[in-house]
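Below is one structure, written out as structure tokens, with a few remarks after it.
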Amino acid sequence: MSTTANDTTATRSAAGLIAAARNGSTEEADRRSVNTDRSGYTPSSLPDGVVYATAVEDVVDTMVRATADRIPVVARGAGTGLAAGSSAQTGEIVLDLSRMNRILRIDPLEQLIVVEPGVLNAEVNAAAAEHGLFYAPDPASTAICSIGGNIATNAGGMRCAKYGVTRESVLALKVVLPDGRILVTGRETIKGVTGYDLNALFIGSEGTLGVVVEATLRLRPMPVSTATVAAYFPDIVAAAEAASAIIASRITPSVLELMDGPTLAAVDAALGTDYRSRGGAFLLAQTDGYGAFLEQDVLIKAIEPFATSYEKATDPDHTAELLRARREAIPSLELLGTVCIGDVGVPRGRLAEMVTGIEEISRRTGVRIFTVAHAADGNLHPMIVLDEGQPSTEGPAKAALAQMFELARSLGGTLTGEHGVGLLKRDWLVDELGNDSLGLQHAIKGVFDPLGILNPGKGI
């Protein structure tokens, strides 16, 4: 159920819920601040109010009242989403979890950490590093994205090809259901197959089934060695072919990131670097563990037929500089205009076909598209950069997105690898999933949220 702007009864109820909350606000500035993300999508209206949760009890109280009064609730973390998954509108309220940001426990022996949803990804890694451990999922936005949002979208990042995405690193969850009941899923053991895997079901559900209020995360030992190499290519097609050659060599790089020439130029303009002058595309690769440098030799041999040059990182500062270039891709493009970030995935052997197709789509539609990719797992981020005020949900931009999704699907891929569906990609859901699968997913949603009050209209 989604409440409309004309439903005055629901509006009055929302105002009462906000007034009863410990930390609620109906101020326009607060409603506006919790209603945008980094997707480029601009909501047509503002939510009725926002509840700033600081404890589990705040979430329970909010959901009990919301269920009683049939008020739609949109849970929100750090607001770094890229698919308009936490945008709200009139008739809805936002449940902001960013103040639930405590690290509750860390167990170095069992290699796990227990956190609230508002803890930032980078904060988890900083705490783990004190014990010689790390948390594997590392989105490019690690410094600003929250664990709750990572769980909602099953986020990946640069290390996911070797260590897996968020689902592989979440052992247990504490979730508040729409009616206020608290559900605990998973366990602290590595193995456990009692019952259905509800833990996995919540991960990637985009806040449509329940509100995560606590997560037990799996940590891993810090690699004893890491070897880094940056390679340059005449164009992105050659770089994509090199990435496929690395996979075919049967090594598993911990990081394999691709950037096209226009993105390199944007990074150079933002950081004062000179990467674009070295080639038309860039591939950053890391191998780690006891065999890091042996694997690096294999990797270099695989890319040599395609690369114009390459360099090995000489020290940790050099490594950090190369990683920064990749992490700053999106912020650099945001200096050029409004960025709408694609998130398609294809089989790793078809990367070159996908990047060739993206270039053709850009020429055909006249839309500026910049491409970066987690090349080791075939997850590409073609980013449309629009002039100020130009919409991403209609016209040439939407046509370009549709064509990219169709191309990915034709190559055996998917319309989203890690950013989620949100509002922006629902038009293409049935093309990928089919009616039977989508119908079953709606039925599952109905079991957990029979009134349809959690993040209505998103995900499925």
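Helix 435-448 and the long axis of the chain differ in direction by around 50°, with both axes built from C-alpha atoms. Here r is the Cβ-Cβ distance between ASP268 and THR194 and R0 is 56 Å; the resulting FRET efficiency, rounded to 0.05, is 0.55. Counting only residues at least eight positions apart within a chain, or on another chain, the lysines with an alpha carbon under 30 Å from that of LYS398 are LYS425, LYS445, LYS458. In the stretch 103-221, the inverse of the mean reciprocal separation of distinct Cα atoms equals 14.1 Å; this is its Kirkwood hydrodynamic radius. Principal axis extents of the C-alpha atoms in the chain (largest first, rounded to whole Å): 67, 55, 44. Remark: the stretch 1-152 carries a charge dipole of roughly 240 debye about the Cα centre, counting +1 on each Lys and Arg Cβ and -1 on each Asp and Glu Cβ.
The slack in the chain from VAL64 to ARG363, taken as 0.36 nm per residue of separation less the alpha-carbon distance, amounts to 102.5 nm. Diffusion coefficient (Stokes-Einstein, Kirkwood radius over C-alpha pairs, 4 °C, 1.567 mPa s) for the stretch 357-436: 97 µm²/s, rounded to a whole number. Label sites at ALA126 and GLU311, each approximated as a point 7 angstrom past Cα along Cα to Cβ, lie 2.9 nm apart. Tell me the angle of helix 236-248 to the major Cα principal axis of the chain, expressed in degrees between 0 and 90 and rounded to the nearest ten. It works out to around 90 degrees. Note on LYS301: lysines with a C-alpha under 16 Å away, same-chain residues under 8 apart excluded, are LYS312. Per residue, the chain reaches -10500 deg cm²/dmol at 222 nm when only DSSP H runs of four or more residues are counted, each adding -39500 (n - 2.57).
Compared with the direct C-alpha span, the chain from LEU109 to LEU451 gains 118.8 nm at full extension, assuming 0.36 nm per residue.
The translational diffusion coefficient of the stretch 12-78, from Stokes-Einstein at 37 °C and 0.692 mPa s with a Kirkwood hydrodynamic radius over alpha carbon pairs, comes to 262 µm²/s. Highest-first packing order for the peptide set 430-436, 67-73 is 67-73, 430-436, based on the mean count of other beta carbon atoms within 10 Å.
With both labels modelled 7 Å from their Cα along Cα-to-Cβ, the ALA19 to ARG220 distance reads 5.2 nm.
As a rough guide to protection, the peptides 82-95, 250-263 ranked by mean Cβ packing within 10 Å, highest first, stand as 82-95, 250-263.
Within the chain, which is the longest segment containing none of the chymotrypsin sites (Phe, Trp or Tyr not before Pro) that sit in a DSSP loop and have at most 16 other Cβ atoms within 10 Å? Counting at most 16 other Cβ atoms within 10 Å as exposed, the longest clean stretch of the chain is 1-195. Here the calculated FRET efficiency for VAL430 and VAL184, from their Cβ-Cβ distance with R0 = 30 Å, stands at 0.35, rounded to the nearest 0.05.
Note: relative contact order over the chain, using C-alpha pairs below 8 Å and six or more positions apart, is 16 percent.
Every number in this text was worked out from the coordinates using simple rules, so none of it is lab data. These numbers were taken from a predicted model, which means no experiment stands behind them. Counting neighbours? That spans all protein chains shown, and the Cβs are built from the backbone with ideal geometry, glycine included.
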